[in-house]
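Shown next, in structure tokens, is the structure this report addresses.
The values are calculated or read from the model by the stated rules, or taken from the named source; none is laboratory data. Source: prediction; values computed, not measured. Ideal geometry is used to build each Cβ from the backbone, glycine not excepted, and the neighbour counts take in all protein chains shown. These accessible areas exclude ligands, DNA and RNA; they are computed on the full protein's heavy atoms, side chains included. Shrake-Rupley method; radii C 1.70, N 1.55, O 1.52, S 1.80 Å.
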Amino acid sequence: MAFIPYGRQSISDDDIQAVVDVLQSDFITQGPAVHKFEDSIKSYCSVKHAIATNSATSALHIACLALEIGIGDIVWTSPITFVASANCALYCGADVDFVDIDLQTYNLSCDALEEKLITAQKINKLPKAIIVVHFAGQSCNMQCIKELSEKYNFKVIEDASHAIGGRYLEEPIGNCKYSDITIFSFHPVKIITTAEGGIATTQNSNLAEKMELLRSHGITRNPELMTQKPDGGWYYQQITLGFNYRMTDLQAALGASQMQHLDKFVSKRHELKKRYDEELQELPLILPSQSDLAYSALHLYPILLETEKTSKSHQQIFNELRHSNIGVNLHYIPVYKQPYYQKMGFDASNFPNAEYYYNRAISIPLYYELSIEEQDTVVDALQKALT
Ligand SMILES: *Cc1c(COP(=O)(O)O)cnc(C)c1O
């Protein structure tokens, strides 16, 4: 039986042609295709600015810098995320802490956030920014987070790496209605791909200008941004310390072509999810629940084992599935458990829901090209492992 991964890209002939066209054109690094891709994201997400980067990690880094997160600042995020959501704050010299998740959506809990803010205010340790993660593609409770951000005066970054194509209260994730900046990832396991790549969206032209500078060495050719008169036509100025985080035109052409397929990709994920929901309902599992406020992009289908009802351990079941060639995974190991973060002295008992989740979760295959036969193979393997 062939290996079934938990996620993978879907590349069509028009995607391939779009990349070949760029290879035969004058620009292959950041050029017109990047602008075209940024335009397609802006129009899809109803947002004024989009800055494409070579990864979502880079986009998170320049988002933090644009919000002037630095040494001595505090940034909070969800523990159930990829390490990049927290690392970006460390890159800037900030201190990171985590807010426990809720057990319905596995997103950062707004109730836990409020409780933590009340305590932090008393000891004068309020965060400068919160990075919320739309886990598995389902939006966080953004209205609640926005209210708290106004009350406690912190910035909000949406790590929407899982969530392009998703909606919150009928509006596209990425429109930054409840946040300063939103980030998407285009890694091949995500909803659409540019191989490696990411993007930052914002409604704020000042933040957009800063991120554009930071993406390319802090260099500008715009005389209006320069601190002195240009020496001549060759002149450019470095006005801040930036990086080479640019996306190539090859990647952007792939991204723009993938955008044409985005809605189809997401609705197929919903069909597959519905089928899993039906086929797995009798098993001792907690299936992912969907909030009425959100339309998920469904990056992941995480199941939680009702370990009280099974004789086998989490690890045993995971291993059995892997031995049946099912590419199950665990999204995610709580970030505070990573050795690098352990050195900062986090105590797992502060995050009971993240611990509960981690002790039971398994992500099973979900992607556009997953066939019914493959899905049946996954269901059979789960049935065998659990009964
Ligand atoms: C994938 C992912 C990232 C990093 O994306 P890259 O494009 O690989 O840098 C960041 N945050 C989350 C939640 C992710 O899933």
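The portion of the accessible surface of the stretch 147-222 made up by carbon and sulfur, rounded to a whole percent, is 42 (1.4 Å probe; DNA, RNA and ligands excluded). By a 1.4 Å probe calculation restricted to protein chains, residue 322 has an accessible surface near 100 Å², given to the nearest 10.
Of 346, 186, the order by accessible heavy-atom surface (1.4 Å probe, DNA, RNA and ligands excluded), from most exposed downward, is 346, 186. For residue 248, the solvent-accessible surface computed with a 1.4 Å probe is close to 40 Å², ligands and nucleic acids excluded. Among the GluC sites (Glu not before Pro) found in the stretch 141-212, those both in a DSSP coil and sparsely packed, with 15 or fewer other Cβ atoms within 10 Å of their Cβ, are 170.
Annotation for the stretch 31-92: trypsin sites (Lys or Arg not before Pro) lying in DSSP loop with at most 15 further Cβ atoms inside 10 Å of their Cβ are 48. Along the stretch 276-287 the Karplus relation, 6.51 cos²θ - 1.76 cosθ + 1.60 evaluated at θ = phi - 60°, assigns HN-Hα couplings of 4, 3, 6, 6, 9, 5, 7, 7, x, 9, 9, 8 Hz to successive residues, with x for each Gly and Pro.
Think of the chain as having a plus end and a minus end, set by charges on the Cβ of Lys, Arg, Asp and Glu; of 166, 296, 352, 352 sits farthest toward the positive end of this dipole. Between residue 9 and any residue 5 or more places off or on another chain, the built amide H atoms are never under 5 Å apart.
Note that the stretch 315-331 has calculated 3J(HN,Hα) couplings of 4, 4, 5, 4, 5, 4, 5, 4, 5, 8, 6, 9, x, 5, 8, 10, 10 Hz, one per residue in order, obtained from phi through the Karplus relation 6.51 cos²θ - 1.76 cosθ + 1.60 (θ = phi - 60°); glycine and proline are x. Surface composition of the stretch 274-387: carbon plus sulfur atoms contribute 47% of the solvent-accessible area (1.4 Å probe, protein chains only, all chains present).
Accessible area of residue 247 (1.4 Å probe, protein heavy atoms only, ligands and nucleic acids ignored): about 0 Å². Taking all protein chains together and a 1.4 Å probe, the residues 307, 227, 29 rank 227, 29, 307 from largest to smallest accessible area.
Tell me the GluC sites (Glu not before Pro) within the stretch 219-307 that lie in a loop according to DSSP and have at most 16 other beta-carbon atoms within 10 Å. Those that pass, being in a loop and sparsely packed, are 282, 306. With angles folded into 0 to 90 degrees, how steeply does helix 249-259 sit against the dominant principal axis of the chain? Use alpha carbons for both and round to 10. Taking the Cα atoms of the chain, the angle to 249-259 is about 50 degrees.
A simple charge model with +1 on the Cβ of Lys and Arg, -1 on the Cβ of Asp and Glu and nothing else charged puts the dipole of the chain at about 720 debye relative to its Cα centre. Under 5 Å from the amide H of residue 133 lie the amide H atoms of 78, 108, 159, each residue being 5 or more positions distant or on a separate chain, with H modelled from the backbone and absent for Pro and chain starts.
Of the residues 221, 360, the one with the largest accessible area comes first in the ranking 221, 360, computed with a 1.4 Å probe on protein heavy atoms.
The label point for residue 143 and the one for residue 373, both projected 7 Å from the Cα toward the Cβ, are 4.7 nm apart.
The long axis of helix 56-66 is offset from the longest Cα principal axis of the chain by roughly 50 degrees. Per residue, the accessible area of the chain comes to 44 Å² when a 1.4 Å probe rolls over the protein heavy atoms. The 3J(HN,Hα) values that the Karplus relation (6.51, -1.76, 1.60; θ = phi - 60°) gives for the stretch 336-350 are, in residue order, 5, 7, 5, x, 4, 7, 4, 4, 7, x, 6, 10, 4, 5, 7 Hz. Gly and Pro appear as x. State the Cα centre-to-centre distance between the stretch 182-248 and the stretch 313-387 in whole Å. Value for the Cα centre distance between the two parts: 36 Å.
Per the helix-only calculation at 222 nm, which mean residue ellipticity applies to the chain, given -39500 (n - 2.57) for every DSSP H run of n ≥ 4 and division by its residues, nearest 500 deg cm²/dmol? After summing the helix terms and dividing by residue count, I get -11500 deg cm²/dmol. Seen against the Cα atoms of the chain and their longest principal axis, helix 372-386 is set at about 60 degrees.
The spacing between the stretch 109-179 and the stretch 256-288, judged by their C-alpha centroids, is 25 Å.
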